[in-house]
Amino acid sequence: MKVKRVLVILLGVLLFAGCVSSQKYRASLNDISNLKKDVTALEEKLRAKEAEKAGLESEISKLKGVQEELTKKSESENALRTKGLEDELKSKNMQIAELKTEIEGLSHERSKAIEEKEQAIAELNKTYTNLVTELNDEIKKGEIAVTQLRDKLSVSLVEKILFDSGSAEIKKDGKKVLDRVAEILKKISDKQIRIEGHTDNVPIGYRIAKKFSTNWELSTARATTVVRYLQEKNIDPKLLNPAGYAEYKPVESNDTEEGKARNRRIEIVLIPMDIDRLKR
């Protein structure tokens with residue numbers, strides 16, 4: 001607008017100067033016209049710039065709005081992610097605490113089981129000592145063998161102590177031996193007492209074949225007879241378990257008479273109560 005005021009002043013000066021020639025006057029008018037055009041062009045350019053500025057300001061405002069929205073969204077997402085991580089960490093800590101508790105429980109159970117196992121072995125050692133002391137004479141003669149392997153104890157009695165050849169009826173002297181064994185076994189309450197019948201590999205003879213078809217029947221009958229006798233001597237029948245193995249678990253070769261004599265036997269085996277469960 002300063003340009004307009006300049007033009008007005010300039011026009012006044014020209015009009016005031018009466019001595020100015022008409023040629024110069026027209027030139028001045030042309031200059032004024034050109035100046036007006038320039039002013040108009042400048043004004044249009046200015047409006048365009050102002051419109052552009054307004055557009056930029058509007059765009060900036062929109063961008064700021066978008067930026068604020070993105071910032072809020074980002075903060076919200078970060079908050080959700082942080083909460084998720086905190087929840088996961090809390091869950092992991094709970095799992096770790098539960099595992100520690102479980103491990104402590106298992107360690108306690110393991111220690112208790114080891115202690116009980118050691119006590120059971122100690123009791124079995126005492127039983128072994130009592131049996132060896134009680135059956136010392138028969139052990140020296142080779143008629144009875146007492147063996148212990150950690151939590152398993154076995155008393156092996158050769159056939160001639162308990163039975164006549166081919167018979168499942170306990171002899172009088174055999175009952176006396178079993179009576180002494182029963183006195184010790186009465187104190188047992190935490191073991192299975194398995195009575196095993198064993199034979200040599202000689203087939204059943206014609207004389208007794210009608211009663212015992214094979215060594216299976218003979219070995220099983222002998223084991224069952226001993227079980228019944230021990231029950232009569234007040235051994236808990238829930239602990240007793242008869243088993244016949246015929247000639248299939250020899251302790252010696254059957255190639256000699258001595259080996260056959262050792263294979264014909266009754267074994268009284270003390271084993272842990274849960275051994276059958278552990279084998280499953």
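The values are calculated or read from the model by the stated rules, or taken from the named source; none is laboratory data. Owing to the predicted nature of the structure, the values given are computational and were not obtained by experimental measurement. Note that we place each Cβ from the backbone using ideal geometry, even for glycine, and neighbour counts take in every protein chain shown.
Details
- For the stretch 93-122, a residue qualifies if it is touching a Lys or Arg at 6+ places or on another chain (Cβ under 9 Å) and modelled with pLDDT of 75 or more, and exactly one does: Ile121.
- Pairs with Cβ under 7 Å, 6+ apart, first in the stretch 251-280 and under 13 Å from Val202 (Cβ atoms) and in a loop (DSSP other than H, G, I, E, B), second of a type in the set (Asp, Glu) and modelled with pLDDT under 80: none
Matching residues to (1) on the phi < 0 side of the Ramachandran plot; (2) surrounded by 13 or more Cβ atoms within 10 Å (Cβ to Cβ); (3) acidic (Asp, Glu); (4) at pLDDT 95 or above:
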position	(1), (2), (3), (4)
Asp173	yes, no, yes, no
Gln192	yes, yes, no, no
Gly205	yes, no, no, no
Thr214	yes, yes, no, yes
Leu218	yes, yes, no, yes
Val226	yes, yes, no, yes
Asn254	yes, yes, no, yes
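- Test: residue in the stretch 234-247 that is surrounded by 14 or more Cβ atoms within 10 Å (Cβ to Cβ), part of a loop (DSSP other than H, G, I, E, B) and either without any contact (Cβ under 8 Å) to a residue 40 or more places away in the chain or at positive phi (or both): yes
- Taking the listed residues Asn125, Asn136, the one that is over 28 Å from Asn201 (Cβ atoms), modelled with pLDDT under 90 and out of contact with any Leu (no Cβ under 6 Å at 6 or more places or on another chain) is Asn125, with no other qualifying.
- Of the residues making up the stretch 131-154, those that are farther than 17 Å from Lys176 by Cα and in contact (Cβ under 8 Å) with a residue 24 or more places away in the chain number 6.
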